[in-house]
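Input: a single structure, listed below in structure tokens.
The values are calculated or read from the model by the stated rules, or taken from the named source; none is laboratory data. Source: prediction; values computed, not measured. FYI the Cβ positions are ideal-geometry reconstructions off the backbone, even for glycines, and counts take in every protein chain you see. Accessible surface is based on the protein model in full, side chains and every heavy atom, while ligands, DNA and RNA are left aside. Shrake-Rupley method; radii C 1.70, N 1.55, O 1.52, S 1.80 Å.
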Amino acid sequence: MIDPAEREPVHRYADRTTPRLERRKLGRTGLMVSELGFGASPLGGVFRPDIDESDACQAVHEALYDYGINVFDTSPYYGHTRSEVVLGKALARLGERDDYVLATKVGRYGADNFDFSKERVRQSVEASMERLGVRRLDLVQCHDVEFAPTRQIIVEEALPALSQLRQEGIIGAIGITGYPLSIYRDVIESSPVELDAVLSYCHGCLCDTSLVDSGVLAYLTDCGIGVLNASPLSMGLLTARGPPSWHPAPETLKQHCHNTAEWFAKQRASTRACTDIAELALQFAVLRLGREGVASTLVGIDSTETLRRNAAALMAPLDEELLAGVQRLLAPVRNLSWSSGTPRSVWLNDPPNNERPLAAT
């Protein structure tokens, strides 16, 4: 951690009258989280490698101080630990505090590098705390659990290992993340460890509302589990620039999103509240879907410019006419998804211990 004498001053740019974001309960954890969360994957250069680390650190400070964004989500997977390192630099300059919620993940360390074993879980948590410069983590989640060889290693090794760390006071809440909506119930109903939180991504946005439509959100909240809705821009699909080359969406979904973004850009000639489809997408996820039971919507932030643009979007009125036009154009591909992880039939197989495949390393 940075010595207090070496701490850089935290500059505040937002007007003091700037409205602060609403706080909501994160399930039964006792944590209160801002309705908009700081997704720190871009700090690892996931979407563009040339981030300005100094400005990124300033964005963390402004998020907390000026806008009341108090939940920061990262992972050792993002940028091969760079996201945690950069976020750690920003948090170190804040000093010892307890007014933010820090979340990271275990289990995924590369595109094809997964290890949910109990030994690696503990090692991962300890390494993340070192990079983040903290003595305790508020939330630790098993990352993309659908990529485990089977569900068994999640419920018999990874989650019990996190439970032990919680008993030791090293971490607070426990959760899982993953793309297929079916995996949450699969884990919840077979795990001896109660989940506190679930992070779902790309299923609570303009082109995909299946988190709500499927009844999964209602199921999770009925279980007392806090829900984090990540990727409200669907990992770049709902932006003027478009998604990165690695995006797994089917081409028809990419094309519809591209056409919709182009149509949206043409509307800027009129007097609209939003000037970018990303702003409307964020408004929809936070102000509309977010109030269906989501605790916080996580959006990627890599600069003060991005932070301020996102905050400004949430302070503007939602243009219902424009929203209707976008939804009409996206209707043919609404809730269209892609495959992710181990085939479910294999993942659910749960072989006896002596036949269980080893986790990928």
Subject >> Selection from Pro49, Ala285, Gly95, by position along the positive dipole direction of segment 23-348 (Cβ) >> reply: Ala285
Subject >> Over the chain: helical MRE at 222 nm, DSSP H runs n ≥ 4 each giving -39500 (n - 2.57), nearest 500 >> reply: -9500 deg cm²/dmol
**OP:** Might you report the magnitude of the Cβ-based charge dipole of segment 23-348 about its Cα centre, with Lys and Arg at +1 and Asp and Glu at -1, to the nearest 20 debye?
**Re:** 240
**OP:** Just name one of His256, His203, Ser340: the one whose Cα is farthest towards the positive end of the charge dipole of the chain (beta-carbon charges, Lys/Arg +1, Asp/Glu -1).
**Re:** His256
Original post:
Is the shape of the chain best called rounded, prolate or oblate, per the rule: a/c under 1.5 gives rounded, else a/b larger than b/c gives prolate, else oblate, with a ≥ b ≥ c the square roots of the Cα gyration tensor eigenvalues?
Top reply: oblate
Original post:
So if we plug the beta-carbon distance of Ala111 and Glu305 into 1/(1 + (r/R0)^6) with R0 = 30 Å, what FRET efficiency do we get, rounded to 0.05?
Top reply: 0.55
Subject >> Three-way shape label, segment 154-247, alpha-carbon gyration tensor, a/c 1.5 >> reply: prolate
**OP:** Using the heavy atoms of the protein chains and a 1.4 angstrom probe, tell me the accessible area per residue for the chain in square angstrom.
**Re:** 42
**OP:** Take peptides 144-150, 25-31 and line them up by average Cβ neighbours within 10 Å, highest first, as a rough protection proxy.
**Re:** 144-150, 25-31
Subject >> Most to least packed among 180-189, 222-231 [average Cβ atoms within 10 Å] >> reply: 222-231, 180-189
Subject >> segment 174-237, accessible surface, carbon-and-sulfur percent (1.4 angstrom probe) >> reply: 53
Original post:
Which residue, chosen from Ser234, Ala127, Val155, occupies the Cα position most advanced towards the positive end of the dipole of the chain, where the dipole is computed from +1 (Lys, Arg) and -1 (Asp, Glu) charges on Cβ about the Cα centre?
Top reply: Ser234
Subject >> Euclidean distance of C-alpha centroids, segment 318-333 and segment 65-105, integer Å >> reply: 34
